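In what follows, a structure is listed as structure tokens, so that the remarks can point back to it.
Throughout, read-outs are computed from the coordinates displayed, never taken from laboratory work. No experiment lies behind these values; they were computed from the predicted model shown. Heads up, the Cβs are rebuilt from the backbone with ideal geometry, glycines too, and the neighbour counts pull from every protein chain shown.
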Amino acid sequence: MDDRRGGMAAETTVVIVGAGPAGMSLANFLQRRGVGCVVLEARDREYVEGRQRAGVIDHRAEEIFGEFGLAEQVAGGAPLETLLEIRVGGVPRLLDVPGLAGGRPSRLVPQQLLVQRLIRSFLDGGGDLRFGVGDVTPRDLDRERPRVTYGDGELSCSYVAGCDGFHGVSRRSVPDGVLTTYSFDHGIGWYTVLAESPAPRYPLMAVSRHGFAAQFARGPHASRFYLQHPTGEDPRQWPDEYTWEQLRLRLGDDGLRDGRITGREVVDMRSFVAEPMAYGKMFLVGDAAHIITPMGAKGMNLAIADAYLLARAIVAAERDGDVSGLAGYSSACLRRTWDYQEFSRWYTEMMHFAGDESDAFRRRLALARLDRLFSSPPAAAAFADLMAGTAV
Ligand SMILES: Cc1cc2nc3c(=O)[nH]c(=O)nc-3n(C[C@H](O)[C@H](O)[C@H](O)COP(=O)(O)OP(=O)(O)OC[C@H]3O[C@@H](n4cnc5c(N)ncnc54)[C@H](O)[C@@H]3O)c2cc1C
């Protein structure tokens, strides 16, 4: 399609930059409400659909997909085992997280599966999604009709949705001095391996003096493991035997079966927030505006929650001329973002410091925090509420 017919830019209501969880959720929500949009994605479809990262959709995200009639089609997946196992020095303790949250389970839906489903649903509905698009540049963001140029194309629109992740172009298109950014490095290294090793009975997190480790199911015959590692070292160089030895030690499980390791990654234990999440007619969504440590599994869920609020706001503005949702978009998203940042840091410190013998006082504090989850029902319920995802 020629986007500059007769020198005029082609038109749509929303240009969505990026086809990750944020962009594809937004595209589907808008499509379901009859609002026109075009999605521009820098990479090819195979790359986008194969990118493995997050694994869990929280209950709030499932409710959001449900509101658009997409729950089964997009968010369908095994409900996470009722119990979460937290093993301290090899001793298991079980927490009924969905029960404590009032019967709100999360679901095991790997990120690549979610994105594949969202892409299929959008294309089946006649959506306009362009892969492999270079030089995407949002322009005239402070005007009534912004433009997005790319390759040799150009689109004029009412709104730009910057859904292009932490390294994308959207946030960088905001003029200097407009955004305030906050970042925090937890000073903790995380190594994650995907392996053909039987799934654990329950999602498992383990505290030990050898360092933190976790094991989660990725189907019945595969597991994703996480291991804390000293910062400044690249654990992808560890021999496999050493990785398995460390996992057995930390999980307190001599019988842990090893298997072929099919993926190795180092995960950033960094947090970042940009405020506000809007500039003129552009709105930042998901990782374009904030990144969060994986502890608590909130990164993808925040992206979906942002997309939901933006879709609602755009629909209200387009259908009823009500722009209050757009005006309040940034502050509403940031309230949840900071709430989850606090939760993720709280969780990270508890699970890492509780085994760290280098600081005895801090270790006892972390153990007290952990113990409170098993001795105080209100404390456990507050934890479970955040795991299930908050509505506001
Ligand atoms: C290694 C790793 C492990 C993680 N583990 C978890 C986890 O266990 N649980 C969890 O909840 N979260 C996890 N996350 C975070 C989660 O993956 C992100 O929060 C989520 O992907 C955010 O979605 P998004 O759509 O905002 O951004 P992204 O997924 O980054 O998608 C952005 C899209 O924009 C495209 N793009 C970028 N630049 C441009 C451009 N200039 N023009 C056009 N398109 C562009 C990209 O190709 C990409 O498709 C993890 C992240 C990483 C890196």
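Tabulated results
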item: Estimated inter-spin distance, Glu245 and Gln52, nm [label 7 Å along Cα→Cβ]; result: 2.5
item: Residue-wise HN-Hα coupling along region 88-103, computed from phi with Karplus coefficients 6.51, -1.76, 1.60 (Hz; x: Gly, Pro); result: 10, x, x, 9, x, 9, 10, 10, 8, 5, x, x, 5, 8, x, x
item: Of Arg143, Arg362, Arg336, the one that fluctuates the most in a GNM where the chain has Cα springs shorter than 10 Å; result: Arg143
item: Per-residue ³J(HN,Hα) for region 134-145, Karplus 6.51 cos²θ - 1.76 cosθ + 1.60, θ = phi - 60°, Hz, x for Gly and Pro; result: x, 6, 5, 9, x, 9, 6, 5, 8, 9, 4, 10
item: Mean Cα-pair separation over length for region 189-267, i.e. relative contact order, pairs under 8 Å, 6 or more apart, %; result: 43
item: Helical segments meeting 30 Å axial Cα length and Kyte-Doolittle 0.5 threshold in the chain (DSSP H); result: 299-320
item: Gaussian network model of the chain, Cα within-10 Å springs - most flexible of Ile314, Ile16, Ile261; result: Ile261
item: Potential extension, Arg364-Glu342 segment - 0.36 nm per residue separation minus Cα distance; result: 5.9 nm
item: The chain, relative contact order [Cα under 8 Å, separation at least 6], %; result: 20
item: For the chain, alpha-carbon Rg relative to the globular expectation (2.2 N^0.38 Å, N residues); result: 1.02
item: Under the Debye formula (equal points on every Cα, no solvent term), log10 I(q)/I(0) of region 6-89 at q = 0.21 Å⁻¹; result: -1.13
